[in-house]
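> Structure incoming, see below.
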Amino acid sequence: MKLKRYINQLWLRHRNTDENWYTYLFFLVLRVVLVFIPQKGYVHPDEFFQSVEVMTGDHFQLEHVRTWEFNNTMPLRSITLQFVLLRVPWSFLEFFALYTRRYLDIELLQSYTYLVFPRLIMCALSFINDWSMYRICRLFSLNYEIRLLALGSSWVMLIFGTRTFSNTIELALCSLLLALVAECMIKTNTIIYKKEMLEERYDKAKSISERVRMWRLCKSLPAHNYSHTLLVASICVVGVFNRPTFIVYGAPMVFYWLLRGMGTKTITFRDFNFRMLLFCLSALPALVFFIICDSFYYKYLTVGELQMLQLSINNFVSTPWNFIKYNLDAKKTAEHGIHPKYLHLLVNIPLLYNVLGVVTVVSFAYLLTRFLRAEYQGLPRAQSIISLMTSAIFVPLFFLSLINHQEPRFLLPLLFPIVLLHAPKLYHGLCPNYPFKEEHPLMRKIYNMLLCTQASARPLLKTWYMCNIALAIFFGFIHQAGIFPLTQHLETVMQSKAPAEHIHLITSHIYNVPLTFMNMPSTQVLHLHRETGRRFRRHKDFYIYEYGSLSMPQLVAKIKLIQSYCENKYVSKQQKYRLYLALPASLSDNMLAELQTSGASSNMRTQLKRIFYPHISTEALPRLNFRNDFKTTAHSKLSYSYVSAQLSLFVNEFGLALYELQPARKSQTEKLQTVKLSKRKI
C-alpha cells in the first residue's frame with residue numbers, strides 16, 4: 001500500500017509539473033502575441049512621454065511633445081539607455097523600411113509600427129525576468145515550474161512587462177541583479193564550505209602525502225571573493241541612470257553581495273572593505289559613459305570642447321542627481337499628487353499582485369511578530385535566499401512609502417522576489433496540513449475553501465487567474481483605449497486634408513495624446529527634399545488643446561474661445577480649418593446640454609464623426625441614464641424594450657467620441673432676408 005501510494009504521488013507530481021510547464025509556455029506565447037494585436041489600453045502617460053515620444057520624434061523628425069523632464073536647463077531623465085534600446089533599433093528598422101517601400105510597396109513607418117516595435121523590444125527585455133527566475137531556482141533546487149507559471153501569468157508581466165516604462169526596465173535589471181547576487185552567494189558558501197572541510201582534513205591528516213593532497217585540493221578551489229564585480233557594478237549604474245529609485249532597490253542586493261561569507265574563518269571585514277572598494281572602482285567606466293553621453297545629448301558638451309580639452313564641471317550633467325534634487329523638494333512632488341504613506345502597502349501591492357500581494361504582507365507580519373517575540377529560531381538565516389528576497393521586497397517598500405507621490409508602477413520590481421518566495425502557495429495552499437486541533441465542521445469548511453492543498457480545490461490559484469485576467473483586459477484593452485485609434489484616425493485626416501487647411505483638436509477627460517502616432521513631420525527642424533535636395537521648414541497646421549478634467553461649463557467656454565479665434569484668424573484670410581473635440585462618450589450628453597444651455601448651439605453645429613470602442617476614463621465613468629422618454633414608453637414597468645434600451649445606452653458610453661464643431665453660418669437666402677429686414681426698419 002505504501003509503495004502504491006508513493007507511486008501515485010510521483011505520478012501526480014509529474015502530471016502537475018507538465019501541466020504547469022505547458023501553461024507557462026502558453027502565457028509566454030501570449031505575452032508576445034499581445035504585443036502584435038496590439039493592446040490599445042493606455043496605462044499611464046509616462047508610458048510614451050518618457051521614452052517613445054521623445055526617441056521616435058527625434059529619430060524620424062516627427063511632431064512630438066517634449067516633456068519638462070527633458071529640458072536642457074535641468075534634465076531629469078538620462079537619454080543614454082533609451083538611445084541604445086530604441087534609437088539604435090529604429091535605425092535598423094528604417095534601413096529595412098527603405099527596401100520594403102521600394103520593392104514590396106509596403107510602408108513600415110506608420111503609427112502601428114511606432115506603437116508595436118518599441119513594445120517588442122521591451123517584450124524581449126522582459127525575458128530576462130524569466131531567465132533569472134529559472135536560474136535561481138536551479139541554483140537552489142527550487143520548483144521552477146510553478147514560479148515561472150506565476151511570473152508568466154501575472155498581469156504585471158503581460159501588460160507592464162511589454163510597455164515602454166522605465167519601471168519595466170527597472171524590473172528586468174533588479175531581476176538580473178538578484179540572479180547574480182544569488183549565484184555569488186551560493187558559490188561563495190559552497191567554496192567556503194569545501195575550503196573549511198579541506199582545512200579540517202588537512203589538520204587531521206597524519207601523513208605528509210595526505211596533507212599535500214589536501215593542500216593542492218584547497219588551492220585548486222576557484223576564486224569567489226570578487227565574482228561578477230564589474231557586472232554587478234555596471235548594472236547598478238545602468239539602473240540608477242534609468243531610474244534613480246534603483247538606489248533603494250539595489251542597496252539590499254549589493255549589501256548581500258558584500259556580506260556573503262561573513263562570519264566564517266576565511267571571510268573578514270577586510271574582504272568586505274575590499275569588495276566595496278572594488279565595486280566603486282568597477283562602477284566608474286559605466287558612470288563616465290552615461291555622463292558623457294547625456295552631456296552630449298543635452299548640449300552641455302561639444303566635440304570641439306572635447307578635442308581642445310576646454311572642459312569644466314559645467315560641461316557635464318548628472319541626470320540622477322537632478323532627479324534626486326527635484327524629488328527632495330516636497331512642494332514639487334506635491335504638484336504630481338500627494339498620497340498617504342500606507343498607499344503602497346495596503347492598496348498598490350494588492351492591486352499589482354492580488355493574492356500573492358496579500359500573502360506577502362501577511363507573511364512579513366508573521367515574521368515581524370516572531371522577531372518581536374524573540375523567536376529567532378523561526379526566522380530565516382541572515383545570508384539565506386529567503387532573507388535576500390524578503391529584504392528586496394520590504395527595504396525599497398519602506399523608503400518608497402516615505403515619498404509623497406506613490407503610483408503602483410513604482411513597485412514593479414517587487415514582482416520577482418514576491419513570486420520567488422510565495423508562488424508555491426498558489427498551488428499547495430497556505431497550510432499543507434489541517435492546522436486546527438479539533439475537527440470542527442466550520443473550521444474544516446474554511447480550511448477546504450482557503451487553505452487546502454487538494455488538486456480539485458485550489459482557491460488561491462483560481463483567484464490569481466481571475467484577478468490577473470480581469471486586470472489584463474481592463475488595462476490592456478479598455479482603459480483609455482480610444483486614444484491610439486484616435487491618433488490613427490487623425491493620421492488619415494492629416495494625410496487627406498488640403499495643404500492649406502488647419503486642424504485643431506480639443507481633448508477633455510482623457511490622457512495626453514502622443515503626437516508621434518499621427519506621423520506628422522516636425523515643424524521645429526529643417527527637412528531635406530529628396531528630389532531637389534533643398535532644405536525647408538514645414539508650416540504648422542495641427543494644434544492640440546488638452547484640458548484634462550475641466551468642468552463642462554469651463555470646457556464649453558474654452559471651445560467658444562477657440563472657435564472665435566479660428567474664425568478671426570482663418571475666415572478673414574479665406575483659409576479653411578477644422579475644429580474637433582474628443583471626449584468620453586459618457587460626457588456627450590452633458591456637453592450637448594451645456595452647449596444648449598449656454599446658447600453656443602445657435603452659433604455652433606456639432607457633428608459626431610466617430611466613436612472609438614472600447615474606452616473607459618476613470619475621470620468620466622459610464623453610468624446608467626434613466627431617461628424620461630423610456631420611462632414613459634415603458635409605463636414605469638421594466639419591459640424588455642426599456643431594459644434593452646437602457647443597456648444599449650450604457651454600452652454606448654464605453655467609447656471615445658470625436659465631434660467636429662462647425663460654425664452655424666447663414667445661407668445666402670438668410671443673409672438676403674436679414675438685409676431686407678434691416679432696410680425696412682430703416
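> Having 1 or more residues that are at pLDDT 85 or above, among the β-branched types (Val, Ile, Thr) and more than 21 Å from the chain's Cα centre (by Cα) is the bar; report the helices (runs of 4 or more DSSP H) wholly within the range 431-520 that clear it.
459-473, 483-496
> Next question, about the same structure. Determine if the range 107-121 includes at least one residue that is aliphatic (A, V, I, L, M) and either surrounded by fewer than 14 Cβ atoms within 10 Å (Cβ to Cβ) or not in a helix (DSSP H, G or I) (or both).
Within the range 107-121 (the criterion being aliphatic (A, V, I, L, M) and either surrounded by fewer than 14 Cβ atoms within 10 Å (Cβ to Cβ) or not in a helix (DSSP H, G or I) (or both)), the answer is yes, since at least one residue qualifies.
Here is a yes/no grid of residues against (1) of a type outside the set (Phe, Trp, Tyr); (2) under 16 Å from residue 165 (Cβ atoms):
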{"site": "50", "(1), (2)": "yes, yes"}
{"site": "59", "(1), (2)": "yes, no"}
{"site": "68", "(1), (2)": "no, no"}
{"site": "85", "(1), (2)": "yes, yes"}
{"site": "96", "(1), (2)": "no, no"}
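> Just for the range 169-212: of the residues that are hydroxyl-bearing (Ser, Thr, Tyr) and in contact (Cβ under 8 Å) with a residue 24 or more places away in the chain, which one is nearest to residue 412 (Cα to Cα)?
The qualifying residue nearest to residue 412 (Cα to Cα) is 175.
> Against the condition over 21 Å from the mean Cα position of the chain (by Cα), of a type outside the set (Phe, Trp, Tyr) and at pLDDT 90 or above, how does residue 421 come out, does it pass?
For residue 421, the condition - over 21 Å from the mean Cα position of the chain (by Cα), of a type outside the set (Phe, Trp, Tyr) and at pLDDT 90 or above - is met.
> Here is a follow-up. When you look at residue 301, is it among the aliphatic types (A, V, I, L, M) and at pLDDT below 80, yes or no?
No; evaluated as a whole, the condition is false for this residue.
> Does any residue of the range 242-264 turn out to be among the polar types (S, T, N, Q) and in a helix (DSSP H, G or I)?
Yes, the range 242-264 contains a residue that is among the polar types (S, T, N, Q) and in a helix (DSSP H, G or I).
> Regarding residue 570, is this residue closer than 27 Å to residue 613 by Cα, touching a residue at least 12 places away in the same chain (Cβ under 8 Å) and surrounded by 12 or more Cβ atoms within 10 Å (Cβ to Cβ)?
Against the criterion (closer than 27 Å to residue 613 by Cα, touching a residue at least 12 places away in the same chain (Cβ under 8 Å) and surrounded by 12 or more Cβ atoms within 10 Å (Cβ to Cβ)), residue 570 does not qualify.
> Right, something else. For the range 122-136, what are the residues that are touching a residue at least 40 places away in the same chain (Cβ under 8 Å) and surrounded by 15 or more Cβ atoms within 10 Å (Cβ to Cβ)?
Those that are touching a residue at least 40 places away in the same chain (Cβ under 8 Å) and surrounded by 15 or more Cβ atoms within 10 Å (Cβ to Cβ): 122, 123, 125, 126, 128, 129, 130, 132, 133, 135, 136.
> Confirm whether residue 304 is farther than 16 Å from residue 415 by Cα, within 21 Å of the chain's Cα centre (by Cα) and exposed (fewer than 11 other Cβ atoms within 10 Å of the Cβ).
no
> Considering 120, 86, 93, 104, which residue is on the phi < 0 side of the Ramachandran plot and modelled with pLDDT under 90?
104
> Something else: Select from the range 192-227 the residues that are more than 54 Å from the chain's Cα centre (by Cα) and among the acidic types (Asp, Glu) and write down the one among them that is farthest from residue 181 (Cα to Cα).
In this case the residue turns out to be 210.
> While we're here: Of a type outside the set (Phe, Trp, Tyr) and in a helix (DSSP H, G or I): does that describe residue 283?
So residue 283 fits the description; yes.
> OK, next. Quick one: in the range 218-239, which of the residues that are outside any helix (DSSP H, G or I) and touching a Cys at 6+ places or on another chain (Cβ under 9 Å) is modelled with the lowest pLDDT?
224
> So which residues in the range 288-301 are over 25 Å from the mean Cα position of the chain (by Cα) and among the charged types (D, E, K, R)?
299
The values are calculated or read from the model by the stated rules, or taken from the named source; none is laboratory data. Remember, predicted model here, so these are calculated numbers, not experimental data. Cβ: placed from backbone, ideal geometry, glycine included. Neighbour counts: every protein chain shown.
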